[in-house]
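Asker: My questions all concern the structure below.
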Amino acid sequence: MRMFKKVLTSVVAIALFSSFTNAAIAEDWSSLNKKKQTKLGLYMTAEQAYKHVDANMDKTLFVDIRTPSELNYLGATTLMDAHVPAVFMDTSAWNDKKHRYKRAKNKNFVADMEKALNKKGLTKKDTVIIICRSGKRSASAANTLADNGYTKVYSVVDGYEGDKVKKGPNKGKRMKNGWKNAGLPWTYSLDKDYMYITK
């Protein structure tokens with residue numbers, strides 16, 4: 001009888017975990033913006049990411065890949081395990097098309113991600129969730145990680161700030177979705193232990 005209870009408890013736990021994981025996978029992502037699509041095809045909304053990380057903290061690496069300036073001025077989630085920028089702002093060059101500084105890739109991104117993974121005692125086969133501003137950089141970063149042997153990298157499709165509103169008085173503002181707009185936990189008070197500090 002005791003053995004039956006153990007088996008039943010294990011089956012129920014696996015079913016609950018699978019139902020959440022499959023919910024994230026089962027979403028219809030067919031209309032997802034091409035720039036947000038990844039080679040692995042693994043996606044979560046900010047709310048799904050929050051629920052997953054909260055329930056599976058020890059088995060998941062949750063990484064913010066925005067620039068240090070973005071975290072410094074816009075805040076960060078309170079659940080992230082590490083900050084590993086995929087790109088930096090290149091203040092020596094200007095992007096006329098996008099009306100902003102150009103971006104320069106972080107040449108150490110893959111190595112820095114591996115350090116974050118090792119620090120948490122995880123492997124490239126474990127779940128990695130990456131978040132950027134709105135889901136495009138995280139998709140690109142997920143592809144880079146997939147090319148380097150990672151097998152379960154989820155991109156947060158609506159990111160930290162969300163997508164831009166397309167109509168109405170808030171047109172052009174990032175108020176549509178995303179971590180902050182969903183009211184998920186975040187802070188301006190950054191923890192130095194999780195920040196990306198170059199030496």
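Asker: Taking the residues in region 134-148 that are of a type outside the set (S, T, N, Q) and crowded, with 23+ Cβ neighbours inside 10 Å as candidates, determine which candidate is farthest from Ala111 (Cα to Cα).
Answerer: In this case the residue turns out to be Gly135.
Asker: Assuming Asn143 fulfils every condition listed in (1) closer than 20 Å to Asn72 by Cα; (2) in contact with a Lys or Arg (Cβ under 9 Å, 6 or more places away or on another chain); (3) not in a loop (DSSP other than H, G, I, E, B) apart from one, which condition is it?
Answerer: Only one criterion in (1) closer than 20 Å to Asn72 by Cα; (2) in contact with a Lys or Arg (Cβ under 9 Å, 6 or more places away or on another chain); (3) not in a loop (DSSP other than H, G, I, E, B) is unmet by Asn143, namely (1).
Asker: I need every pair where a residue in region 185-199 that is on the phi < 0 side of the Ramachandran plot and assigned to a loop (DSSP other than H, G, I, E, B) has its Cβ under 7 Å from the Cβ of a residue that is modelled with pLDDT of 95 or more and of a type in the set (Ser, Thr, Tyr), sequence separation at least 6 or different chains.
Answerer: Short answer, once both residue conditions are applied: Pro185/Thr77; Pro185/Thr78.
Asker: Search region 101-116 for residues that are within 20 Å of Ser69 (Cβ to Cβ) and among the hydrophobic types (A, V, I, L, M, F, W, C) and pair each with any residue that is modelled with pLDDT under 95 and surrounded by fewer than 17 Cβ atoms within 10 Å (Cβ to Cβ) when their beta-carbon atoms are under 6 Å apart and the residues are at least 6 apart or on different chains.
Answerer: Listed by first residue and then by second, the contacts come to Ala104/Asp90.
Asker: Another one. Being among the charged types (D, E, K, R) and either touching a strand residue (DSSP E or B) at 6+ places or on another chain (Cβ under 8 Å) or crowded, with 17+ Cβ neighbours inside 10 Å (or both) is the filter here, so list the residues in region 149-170 that pass it.
Answerer: Matches in region 149-170: Lys152, Asp158, Glu161, Asp163, Lys164.
Each row is one residue, and each column tells you yes or no for (1) in contact with a strand residue (DSSP E or B) (Cβ under 7 Å, 6 or more places away or on another chain); (2) part of a helix (DSSP H, G or I); (3) aromatic (Phe, Trp, Tyr); (4) modelled with pLDDT under 95.
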{"site": "Val12", "(1), (2), (3), (4)": "no, yes, no, yes"}
{"site": "Trp29", "(1), (2), (3), (4)": "yes, no, yes, yes"}
{"site": "Gly41", "(1), (2), (3), (4)": "no, no, no, no"}
{"site": "Gln48", "(1), (2), (3), (4)": "no, yes, no, no"}
{"site": "Lys51", "(1), (2), (3), (4)": "no, yes, no, no"}
{"site": "Leu61", "(1), (2), (3), (4)": "yes, no, no, no"}
{"site": "Leu71", "(1), (2), (3), (4)": "yes, yes, no, no"}
{"site": "Leu79", "(1), (2), (3), (4)": "yes, no, no, no"}
{"site": "Pro85", "(1), (2), (3), (4)": "no, no, no, no"}
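Asker: Could you identify the single residue in Gly168, Gly178, Gly159, Gly172 that is more than 13 Å from Arg66 (Cα to Cα), in contact (Cβ under 8 Å) with a residue 40 or more places away in the chain and assigned to a loop (DSSP other than H, G, I, E, B)?
Answerer: After applying the criteria, what remains is Gly178.
Asker: Now for a different question. Give me the pairs: first residue in region 74-98 and aromatic (Phe, Trp, Tyr), second residue surrounded by 17 or more Cβ atoms within 10 Å (Cβ to Cβ) and part of a loop (DSSP other than H, G, I, E, B), beta-carbon distance under 9 Å, and six or more apart or on different chains, which are they?
Answerer: Final answer for the pair search is Phe88/Thr67; Phe88/Asn106.
Asker: Thr123: touching a strand residue (DSSP E or B) at 6+ places or on another chain (Cβ under 6 Å), of a type in the set (Val, Ile, Thr) and farther than 11 Å from Val63 by Cβ, yes or no?
Answerer: Here the answer is no, as Thr123 does not meet what is asked.
The values are calculated or read from the model by the stated rules, or taken from the named source; none is laboratory data. Being a predicted model, the structure only gives us computed values, none of them experimental. As a convention, Cβ positions derive from the backbone with ideal geometry for all residues, glycine included, and neighbour counts pool all protein chains shown.
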